[in-house]
Amino acid sequence: MKKIKGYLFSTTSLMVAFIILGFSSNPKKEVSEVKQIKWVTIDEAQRLSKKEPRKIFVDVYTSWCGYCKLMDRTTFTDPDVVDYVNQHYYAVKLNAESDKMIKFHGKTLAEGDLANAFDVTGYPTIVLLDEKMKTADAQPGYRKAKAFLKMLKQYKE
């Protein structure tokens, strides 16, 4: 009887240990596998583009913009969008209401002033720049992942 109790206790203890180990290792694995867009500053995009020319997309946003936040949660986390952007573009976030000073084309100006220079009037707006940092297009409004990816692919051609 003591042998059976000892056996049951040992078996139960091992099962509990395996279950605990199994649950504790899963969240770490899932978190490390999440892909993200490699966001850079406009200054970094200019430097990187000199070394390895790529087109640039600028996500012009504000802190209060609901659709900007929705794009951050959905469009910009879509695995297909993340992969395509990281391979073919430099991605920049620009706060249209920020006084943070940046350099663009050799001039120092606030992020908000650059948004005005891009003629942004609504949020979110995606400003597309060519490899030489010249404005090619500005696309206002929220876009789901498929529509956003289609826009980037058309511009890349």
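Here each label is just a point 7 Å from Cα along the line to Cβ, and for Asp80 and Tyr142 those points are 2.0 nm apart. Computing FRET efficiency as 1/(1 + (r/R0)^6) for Val34 and Leu70, where r is the C-beta to C-beta distance and R0 is 22 Å, gives about 0.75.
Provide Rg over Rh for region 39-156; use the alpha carbon set for both Rg and the Kirkwood Rh (inverse mean inverse pair distance).
Numbers: Rg = 13.2 Å, Rh = 14.2 Å.
With Rh from the inverse mean 1/r over Cα pairs, Rg/Rh is 0.93.
Read the figures in this text as sums done on the coordinates, not as results from a lab. The shown structure was predicted, so the numbers you read here are calculated from the model rather than taken from an experiment. Cβ coordinates were reconstructed from backbone atoms using ideal geometry, including for glycine residues, and neighbour counts include every protein chain displayed.
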